[in-house]
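Everything on this sheet refers to the single structure shown next.
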Amino acid sequence: MENRYYHSTRGSGKLSPKEAVLRGIADDGGLYVWDGLEDVRLDLDALLKLDYQEMAKRLFAEVLWDYSEEELARCVDLAYTGKFDSEQITPLVMAGDLPVLELFHGPTSAFKDVALCMLPQLMSTALNGRKEKVMIVTATSGDTGKAALSGFQDAENIGITVFYPYGKVSDIQRLQMVCQQGENVRVCAIRGNFDDAQSGVKRLFHSAQAKAALDEDRIVLSSANSINIGRLVPQIVYYFAAYRQLLEAGAVQMGEEVNFCVPTGNFGNVLAGYYAKLMGLPVHRLIVAANENNVLEDFLNTGVYDRNRPFHQTISPSMDILISSNLERMLYYLSGKDSVKVAGWMKDLAEQGRYEVDAQTKEKIASLFLSASCDNAQTSAQIRSVYARCGYVMDPHTAVGAHVLEQLKDRLDGKVTVLLSTASPYKFTRDVLKALGEAQEGLDDFACMRKLEQLSKQQIPAGLYALKDMPERFADVISCEEMEEYVIAGAREILK
Ligand SMILES: *Cc1c(COP(=O)(O)O)cnc(C)c1O
């Protein structure tokens with residue numbers, strides 16, 4: 001059973017799933033993977049009859065094998081039961097003739113809820129019977145932060161610190177974070193962009209000094225970013241859940257391959273789709289949709305990853321990313337599980353901001369992925385045209401996906417294609433109203449929400465509207481150099 005253990009994409013380590021969940025990222029800078037994914041044999045007929053929760057338990061049992069059946073059942077029930085405003089958890093709806101998998105029905109109206117409701121449960125379970133406490137440190141481009149804060153709020157023996165780029169998240173995203181309740185949470189802005197915040201977090205994880213300081217109090221650092229397998233694995237489930245809903249609607253026959261189009265940033269979401277395929281879900285192509293920060297489009301189409309390019313602030317800010325961490329996992333599998341190659345590419349990336357994969361890996365990428373991108377004007381136009389056509393209002397991230405799908409419509413090989421919707425339009429109300437040609441000057445965010453409600457006929461998520469009357473708790477702004485000190489001080493205070 002050697003290949004059931006997790007190890008780093010760059011080669012080192014041998015960990016059980018629980019250990020990998022607690023550690024988050026490997027000491028050599030790589031991400032945890034395991035080699036047995038393709039060997040999983042699922043009974044698809046049986047699996048695709050289960051509801052979301054039962055399906056999740058079944059899939060987790062394969063991937064997180066050192067969690068007992070009872071532990072997984074408890075984790076899944078705590079994560080999903082009563083927390084989502086759809087019984088399907090991730091409902092598949094039709095926007096005209098386009099199937100859209102809505103991933104935003106969780107407590108913070110972000111697709112990241114699906115994973116971040118589950119990660120704390122997996123982590124608490126893994127901590128059981130151990131003496132350590134965990135400080136979660138996360139960089140966010142907007143949505144992860146709130147979903148993580150909400151997921152970890154008042155979790156036992158776990159604290160959480162969230163860093164976001166000052167001035168680079170939407171007002172509502174900021175409010176969602178700085179109004180977060182809970183005694184074990186800290187929220188702080190940094191001067192810089194998301195990549196700066198993420199690099200700061202990575203430095204912290206590799207800092208011997210921070211480790212020594214926290215060791216004294218038996219505190220270990222971990223991450224809620226999508227580099228943690230406890231974050232990634234829950235995302236596999238909704239690909240299967242989407243397929244089940246397609247079957248139920250009679251849109252596909254059992255075994256028929258489908259495409260998924262994924263608005264992409266850090267590559268966690270689309271990677272989960274790839275994992276679902278490795279585990280046996282009939283997936284034809286994965287379509288990676290990017291905004292103007294189209295480093296992934298260029299990479300998937302040429303094999304050259306080059307982050308040396310201007311950083312654009314867009315109206316789909318959760319995709320404003322130039323270094324997609326989870327791509328490393330895909331490279332591991334597509335290079336034929338060649339840790340040496342992966343480590344070399346990542347070294348080139350760190351030193352030159354650029355790497356090029358070999359011809360074989362390029363070929364594999366080309367056979368599986370399609371990718372395209374669009375700019376802000378095209379994103380807005382897409383929101384408007386979809387609404388005009390069928391009355392469905394999508395958020396800007398989802399609209400990037402919809403636009404890319406239209407660009408690539410001749411390359412879908414006639415397969416049913418599902419668009420993943422990653423945010424509620426209510427999280428980006430102003431930009432959505434603007435796109436729809438509706439005046440919003442002089443209206444506050446909540447008046448904008450009410451206006452959008454009239455247009456979309458979809459209810460405002462209760463958690464968002466409640467921000468109207470909540471006090472702001474966190475106002476800190478620091479430089480990236482101060483992050484380490486900030487986390488250590490916070491950990492000591494929260495986890496004493
Ligand atoms: C996080 C996020 C994305 C990007 O997802 P990745 O898994 O990082 O690729 C896209 N859209 C929204 C709204 C997000 O919050």
Could you order peptides 19-26, 305-312 by the average number of other Cβ atoms within 10 Å of their residues, highest first? 19-26, 305-312
Give the peptides 173-182, 487-496 in descending order of average Cβ contacts within 10 Å, highest first. 173-182, 487-496
Rounded, prolate or oblate: which fits the chain when a ≥ b ≥ c are the square roots of the eigenvalues of the alpha-carbon gyration tensor, with rounded for a/c under 1.5 and prolate only if a/b beats b/c? rounded
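Take the alpha carbon gyration tensor of segment 330-445, find the square roots of its eigenvalues, order them as a ≥ b ≥ c, and report rounded if a/c is under 1.5; if not, report prolate when a/b exceeds b/c, else oblate.
Details: a/c = 3.36, a/b = 1.93, b/c = 1.74.
Cα axes put segment 330-445 in the prolate bin.
Mind jotting down a quarter of the surface of the convex hull over the alpha carbons of segment 76-122, in square nanometres, one decimal?
Values: hull surface 13.0 nm².
Over every viewing direction, the Cα hull of segment 76-122 projects on average to 3.2 nm².
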From the phi angles alone, apply the Karplus equation (6.51, -1.76, 1.60; θ = phi - 60°) to segment 199-211 and give each ³J(HN,Hα) in whole Hz, x where the residue is Gly or Pro. 5, x, 5, 4, 4, 4, 5, 9, 7, 5, 5, 5, 4
Please list, in order along segment 296-311, the HN-Hα scalar couplings obtained from phi with the Karplus expression 6.51 cos²θ - 1.76 cosθ + 1.60 (θ = phi - 60°), rounded to whole Hz, x for Gly and Pro. 6, 4, 4, 5, 5, 8, 10, x, 10, 9, 9, 8, 6, 6, x, 9
Out of segment 45-149, which trypsin sites (Lys or Arg not before Pro) are coil in DSSP terms and have no more than 14 other C-beta atoms within 10 Å? Lys49, Arg130, Lys131
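Using a/c under 1.5 as the rounded threshold, could you call segment 103-232 rounded, prolate or oblate? The axes a ≥ b ≥ c are square roots of the C-alpha gyration tensor eigenvalues, and prolate needs a/b larger than b/c, oblate otherwise.
Working: a/c = 1.79, a/b = 1.21, b/c = 1.48.
In terms of gyration-tensor shape, oblate.
DSSP loop trypsin sites (Lys or Arg not before Pro) in segment 389-479 with at most 10 other Cβ atoms within 10 Å of their Cβ, which ones? Please report the intermediate quantities before stating the final value.
Details: sites: Arg389, Lys409, Arg411, Lys415, Lys427, Arg430, Lys434, Arg450, Lys451, Lys457, Lys468, Arg473; in loops: Lys415, Lys457, Arg473.
Loop-located and lightly packed - Lys457.
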Express in whole angstrom the spacing between the alpha-carbon centres of segment 448-496 and segment 90-123. 19
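Using the structure shown, list the pairs from Lys83/Lys168; Lys146/Lys451; Lys57/Lys83; Lys146/Lys434; Lys168/Lys427; Lys131/Lys211 with a Cα-Cα distance above 22 Å, or answer none.
Values: Lys83/Lys168 28 Å; Lys146/Lys451 24 Å; Lys57/Lys83 17 Å; Lys146/Lys434 25 Å; Lys168/Lys427 14 Å; Lys131/Lys211 16 Å.
From the list (Lys83/Lys168; Lys146/Lys451; Lys57/Lys83; Lys146/Lys434; Lys168/Lys427; Lys131/Lys211), the Cα-Cα distance tops 22 Å for Lys83/Lys168; Lys146/Lys451; Lys146/Lys434.
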Need one value: the accessible area of Trp34 in square angstrom, 1.4 angstrom probe, rounded to the nearest 10. 10
What is the magnitude of the charge dipole of segment 22-113 about its Cα centre, with +1 placed on the Cβ of each Lys and Arg, -1 on the Cβ of each Asp and Glu, and no other charges, expressed in debye to the nearest 20? 280
Which value, in Å² rounded to 10, gives the accessible area of Tyr332 with a 1.4 Å probe and all protein chains present? 10
Would you calculate, for the chain, the mean residue ellipticity at 222 nm contributed by helices, counting each DSSP H stretch of 4 or more residues as -39,500 (n - 2.57) and dividing by all residues, to the nearest 500? -13000 deg cm²/dmol
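The values are calculated or read from the model by the stated rules, or taken from the named source; none is laboratory data. Computed from a prediction, not measured in an experiment: that's the story for all the values here. Counting neighbours? That spans all protein chains shown, and the Cβs are built from the backbone with ideal geometry, glycine included. Accessible surface areas use protein heavy atoms only, side chains included; no ligands, DNA or RNA. Shrake-Rupley method; radii C 1.70, N 1.55, O 1.52, S 1.80 Å.
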